[in-house]
Amino acid sequence: MAGFTGGCLCGRVRYECSAEPQMVVHCYCVDCRKSSGTGHGTHLMVPAEALQVRGEVSVYDRDADSGNTVRRVFCPVCGSPLYSTNSSMPGLAFPRASNLDDPDSVTPEMAVYTSRAPRWDAIDPELPAVPGMPDLPG
């Protein structure tokens with residue numbers, strides 16, 4: 001995978017990334033569950049400068065358990081979550097795998113915040129799983 005494209009449900013926001021993901025992670029934290037509308041969010045970790053976004057977006061900033069600020073970027077028309085950033089990881093962006101044009105082009109490598117996973121959203125037993133947030137590369 002030499003880069004990827006994606007966008008929101010209504011098509012008003014599109015993005016392309018010129019870099020390969022450094023990591024792909026399922027996150028079961030409460031914020032990812034609530035912002036995804038399901039049991040977990042799946043995020044790609046990429047250099048922020050490699051992600052080019054076209055279209056108007058809205059943002060929502062929220063302090064994480066760690067005290068860091070997570071900025072969630074979404075379409076103001078259809079509400080699709082697009083990507084996030086984290087104040088503790090400057091220079092990185094975390095696009096959602098759910099809005100990739102080719103979601104099968106990525107493979108999750110880890111599951112985080114598994115202690116918060118709902119019973120009905122089974123954690124893949126093949127993935128390394130941690131109960132909280134580990135130190136991630138980058």
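Every number here is computed from the coordinates shown, using simple stated rules; none is lab data. Not measured: the values here are computed from a predicted model. Cβ: placed from backbone, ideal geometry, glycine included. Neighbour counts: every protein chain shown.
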> Between the stretch 11-49 and the stretch 58-119, how many Å separate their Cα centres?
Replying inline: 4 Å
> Of the residues PRO47, PRO76, PRO90, which exhibits the maximal mean-square fluctuation in a Gaussian network model of the chain defined by a 10 Å Cα contact cut-off?
Replying inline: PRO90
>> Under 10 Å, Cα contacts only: if you run a Gaussian network model on the chain, which one of LEU44, LEU82, LEU127 comes out with the highest mean-square fluctuation?
In response: LEU127
>> Give me the net charge for the shell around PRO108: Cβ to Cβ below 11 angstrom, other residues only, Lys and Arg +1, Asp and Glu -1.
In response: -3
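Just check the chain against the gyration tensor rule for me: Cα atoms, a ≥ b ≥ c as the square roots of the eigenvalues, rounded for a/c under 1.5, and otherwise prolate or oblate depending on whether a/b exceeds b/c.
Details: a/c = 1.41, a/b = 1.33, b/c = 1.06.
Since a/c stays below 1.5, the shape of the chain is classed as rounded.
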